[in-house]
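A short worksheet on the structure shown next.
The values are calculated or read from the model by the stated rules, or taken from the named source; none is laboratory data. In this text, all values refer to a predicted model and were calculated from it rather than measured experimentally. Cβ placement follows ideal geometry from the backbone for every residue including glycine, while neighbour counts extend to all protein chains displayed. Side chains included, ligands, DNA and RNA excluded: accessible areas come from the protein's heavy atoms. Shrake-Rupley method; radii C 1.70, N 1.55, O 1.52, S 1.80 Å.
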Amino acid sequence: DAKTTQPTSMDCAEGRAANLPCNHSTISGNEYVYWYRQIHSQGPQYIIHGLKNNETNEMASLIITEDRKSSTLILPHATLRDTAVYYCIVTTRGTGNQFYFGTGTSLTVIP
Amino acid sequence: DVKVTQSSRYLVKRTGEKVFLECVQDMDHENMFWYRQDPGLGLRLIYFSYDVKMKEKGDIPEGYSVSREKKERFSLILESASTNQTSMYLCASSLWQGGEQFFGPGTRLTVL
């Protein structure tokens, strides 16, 4: 079962920051937060992951609250190509782990 | 660049046929996965493999089997296809368990 809760859909204006929230209130100490996205008719694409510190890469930033019960994926300057379904996943990095993809957040970037 | 390929993007089969879906990765990854994706249900794990000739059931293994004879190749087999197996099938691989998974483009299977 998915251990995360995400809004079903969101809109964002092109060029603005897209902030996608995720609640994971039952996260345990050894579980990481992963974000993926899926553009229509393609396989999911890895974006970023983190444990407790904030993380940034060329695609996005991940902000994890101090209590680790929620996180936010930030796309700093959304483009039309960022329109996709975004999945927040909580999992351990070890033997027997599984990635549970829920239904994610459908982000629409509006021109 | 990481690359996961799947044998077909679209496939149409008849009820009762045996169906093979092939997945190949070129990254020397230990782990490979098969998911199916259906509207409103997200991705659901069918089987995964953490080594050659090893396999583990995921959440929905019924009606499916898998084969991993070589490290780079992971096959999903529908022994007798049924209409409720019409779906998008996605293969993924990861370097180690819990590591980020890299996905193929998917195979959209229709069973008539």
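Could you state how much accessible area is buried at the A-B interface, both sides summed, with a 1.4 Å probe, in Å² to the nearest 100? Heavy-atom accessible area buried at this interface is about 1700 Å². Springs join every pair of Cα atoms under 10 Å in this Gaussian network model of chain A, and among A:Thr83, A:Thr72, A:Thr26 the largest mean-square fluctuation is at A:Thr26. Residues in region B:18-35 carry Karplus couplings, in order, of 8, 10, 10, 10, 10, 9, 10, 10, 10, 10, 6, 6, 6, 10, 9, 9, 10, 10 Hz; the curve used is 6.51 cos²θ - 1.76 cosθ + 1.60 with θ = phi - 60°, and Gly or Pro positions show x.
Would you mind getting the Kirkwood hydrodynamic radius of the protein assembly as shown from its Cα pairs, rounded to one decimal in Å?
Values: mean 1/r = 0.0556 Å⁻¹.
Mean inverse Cα-Cα distance, inverted, gives 18.0 Å.
Here the accessible area of chain B is 50 percent carbon and sulfur, with a 1.4 angstrom probe and all protein chains present.
Calculate what fraction, in whole %, of the accessible area of chain A sits on carbon and sulfur atoms when a 1.4 Å probe is rolled over the protein chains. Accessible surface attributable to carbon and sulfur in chain A totals 47 percent.
Hey, in the GNM for chain B with a 10 angstrom Cα cutoff, which one of B:Ile60, B:Ile46, B:Ile77 fluctuates hardest? Sorting by GNM fluctuation, first place goes to B:Ile60. If you run the Gaussian network model on chain B, springs between alpha carbon atoms under 10 Å, then out of B:Gly40, B:Gly63, B:Gly16 the most flexible one is B:Gly40.
Within region B:46-80, name every residue whose backbone N is under 13 Å away from a label modeled 7 Å from Cα of B:Asp28 along the Cβ vector. Flagged as within label range: B:72.
What shape does chain B have by the C-alpha gyration tensor, where a ≥ b ≥ c are the square roots of the eigenvalues, rounded means a/c under 1.5, and otherwise prolate means a/b greater than b/c and oblate the rest? Before the final figure, lay out each step's value.
Details: a/c = 1.67, a/b = 1.60, b/c = 1.05.
Note, shape of chain B comes out prolate.
For B:Arg36, neighbours were defined as the other residues whose beta-carbon sits under 15 Å from its Cβ, and their charges (Lys and Arg +1, Asp and Glu -1) total +1. Checking the Cα-Cα distances for A:Lys52/B:Lys71; B:Lys13/B:Lys53; A:Lys69/B:Lys3; B:Lys13/B:Lys71; A:Lys52/B:Lys70 against a 31 Å cut-off, the pairs over it are A:Lys52/B:Lys71; A:Lys69/B:Lys3; A:Lys52/B:Lys70.
When you look at the Cβ of every residue in A:32-45, what mean number of other chain Cβ atoms sits within 10 Å? Intermediate results must be reported in sequence, preceding the final value.
On the way: counts 2, 0, 4, 0, 4, 0, 6, 0, 0, 5, 5, 15, 10, 2.
The per-residue average across the peptide is 4.
Quotient of the Cα radius of gyration of chain A and 2.2 N^0.38 Å, N being its number of residues: 1.01.
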